[in-house]
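The values are calculated or read from the model by the stated rules, or taken from the named source; none is laboratory data. In this text the structure is predicted, and so the values were computed from the model without any measurement. Positions of Cβ are backbone-derived with ideal geometry, glycine not excepted, and every protein chain shown enters the neighbour counts. Calculation scope for accessible area: heavy atoms of the full protein, side chains included, ligands and nucleic acids excluded. Shrake-Rupley method; radii C 1.70, N 1.55, O 1.52, S 1.80 Å.
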Amino acid sequence: RLAWVLGIQLAAVGGILIAPTVALDAQQLSLLIVSAYTAAVFGRLRSLPLTFLGAVVVGLLEAYLAGYLPQNDYLPGLRLAAPALLLLLALLAFPHRRLPGRDRTLVRVPLPGRRGGLVLAGCVLAVALVLVSVLTEDEVISYGTLFPIGVIALSYVPLAGYAGQISLCQLSIAGIGAVVWGHLGAHGALWALPVAVLVAAAVGALVALPALRLSGIYLALGTVAFATVLDRWIFTLPAFDVLGVRISLFDQGSVSVTGPDLFGLRLTSPTDLVLFSAFCLAVTSLGVAALRRGRFGRRLVALRDSEAAYATLGGRLLAAKVAVFALSAGIAGLGGALYGMQLQTVTADQFSLVAGLPVFLIAVVGGLGSVGTGLFTGLAYVVPVQLLDGLGGWAQNLPALLVALAGLGFAHSPAGVIARLRTQWTPLGRDRQLLTALLGVLALCWAVAVLVPAGGRPALAAALVVAMVLRNCAAARAAAPADVPPEWWGVRRPWRPEDGEVLSRATAAAG
């Protein structure tokens, strides 16, 4: 507690001292943490003189670049990205043995079943069908972004959930996928979509190289530095040539993005793009679930548990980390391309580091080890904003506040909200009578929302109330009687954490 108090007091003093020289802009002030961490890494988070030296180096670097950097179209962003570049170089240059190690508590990673994966994919498609049949075209554009956001959030699952690697630059990599599709798929050529995924995967493999030396907070800082370099420099570059190949990013403006040409059918309407994005999210969710059940998924979980043990048993750390970073970045690139299709025009600010932090936070709250994190993040990121949009200016920042409060309450569900929801709703899924009743009510509410012009929100509220009532009824019916014999524990009633200790004591007493 004393450490937190001192740290916050020092941050407040720093804010007072720097206030006269900077604009009071929340996003710009948030990026000051990059310069602060650069100085702190110079001192290895333990030496005050070296930290002071690092602060002097950062300040002089920014001042000299502002005064003496040559004036051309390619270098203005370098001055803004210089602290991030310096942070990345400091992380890679300092001996890893001097950096504090990490202390990790082993966490069980859920093993999704085939039936559960199919149910999740069906739920994704069902949500998409409800949206396109109930909402107007303008509302479909606003709500439809939940599926691309869900794909981007799903990229955290194999990387952070399975392999235990931290990356805060996934949305920036998604911007690369959006740019590649925007330029190569300008005429709807479907082959450009796999190319966008592969280019994003190649960038992810590049990010994986520093991951061999960094872990924990240092790996997070490295990915923050990479995202800042992309935001402040790379994305602002005009078109340039590399080995005769023309590279064009955002061209210091916006990029127009169109839908794909799917076997002769051009997907241009918001409805078509929402259904296509939902299909991609459903298929990607099935793929991530199958990955967890496969051999590579088990290797990633072993890598998460202990890198030393993984290497001792013959695992190749370089290959595993590069593969999982590339896979995660490829998924993020797909989400970025879908996001651009839905918006039709994208800018660099939409893929900044600050814009990606809420997506990561919601994914953490949902549970990084759960495949349903994609759909959960998309719904939690988009739906509250749209529902509160018509309440007035006072509710503009309320969704962000709700996300922050959910993050603060994460300690109550360290495994994620999805694991808790799965436990609560499993009895209803196993009760055929109540499940059939629920499906009937949902179908009726859907019909009311489609046929009645203003019946969308009342039907949604009625569906939620009925679902909660049926869930409670299913939980009551599934409650096991108190006289269940021990040999039927886990069969006729759910297994409880204390049952293992009870059986062990009984066995020891009998022996």
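On the principal axes of its alpha-carbon atoms, the chain has extents of 79, 67, 49 Å, going from largest to smallest.
With a Förster radius of 25 Å applied to the C-beta separation of Arg430 and Ala461, the computed FRET efficiency comes to 0.45. Placing unit charges on the Cβ atoms of the charged side chains and taking the dipole of the chain about its Cα centre, the candidate lying farthest along the positive direction among Val5, Gly314, Ser370 is Gly314. At full extension, Val383 and Ile18 could sit 127.7 nm farther apart than now, given 0.36 nm per residue minus the alpha carbon distance. Between the helical axis of 32-42 and the longest alpha-carbon principal axis of the chain there is an angle of about 70 degrees. When peptides 58-68, 210-220 are ranked by their average number of other Cβ atoms within 10 Å per residue, the highest-first order is 210-220, 58-68. The calculated P(r) of segment 279-403, using every Cα pair and 10 Å bins from 0, goes 10, 33, 33, 17, 6, 1 in percent. The residues of segment 99-255 present an accessible area of 41 Å² per residue when probed at 1.4 Å with all protein chains retained.
On the beta carbon distance between Trp191 and Leu65, with R0 = 60 Å, the FRET formula returns roughly 0.90. Residue farthest toward the positive end of the dipole of segment 4-130, with Cβ of Lys/Arg at +1 and Asp/Glu at -1: which of Val22, Pro110, Val57? Ranked along the dipole, the leading option is Pro110. The angle separating the long axis of helix 398-408 from the principal Cα axis of greatest extent in the chain is about 80 degrees.
The stretch between Leu439 and Val469, if pulled fully straight at 0.36 nm per residue, gains 9.5 nm over its current Cα-Cα span. Note on the chain: with charges restricted to the Cβ of Lys and Arg (+1) and Asp and Glu (-1), its dipole about the Cα centre is near 1920 debye. In the chain, a dipole from Cβ-located charges (positive for Lys and Arg, negative for Asp and Glu) runs towards its positive end, and of Ile173, Leu193, Gly222 it is Gly222 whose Cα lies farthest in that direction. The slack between Val57 and Arg114, meaning 0.36 nm per residue of separation minus the straight C-alpha distance, is 15.1 nm. Compactness check for segment 1-79: Cα Rg over 2.2 N^0.38 Å is 1.27.
The convex hull around the C-alpha trace of segment 190-347, projected and averaged over every direction, spans 11.5 square nanometres. With the convex hull of the Cα atoms taken as the outline of segment 101-227, the averaged projected area works out to 10.4 nm². Placing dummy labels 7 Å off each Cα toward the beta-carbon, the span from Ala404 to Asn72 is 4.3 nm. Extending 7 Å from Cα along the Cβ direction at Leu129 and again at Trp488 yields two label points whose distance is 3.9 nm. Mind checking the angle between helix 270-293 and the chain's longest principal axis? C-alpha axes, 0 to 90 degrees, to the nearest 10. Once rounded, the angle reads 80 degrees.
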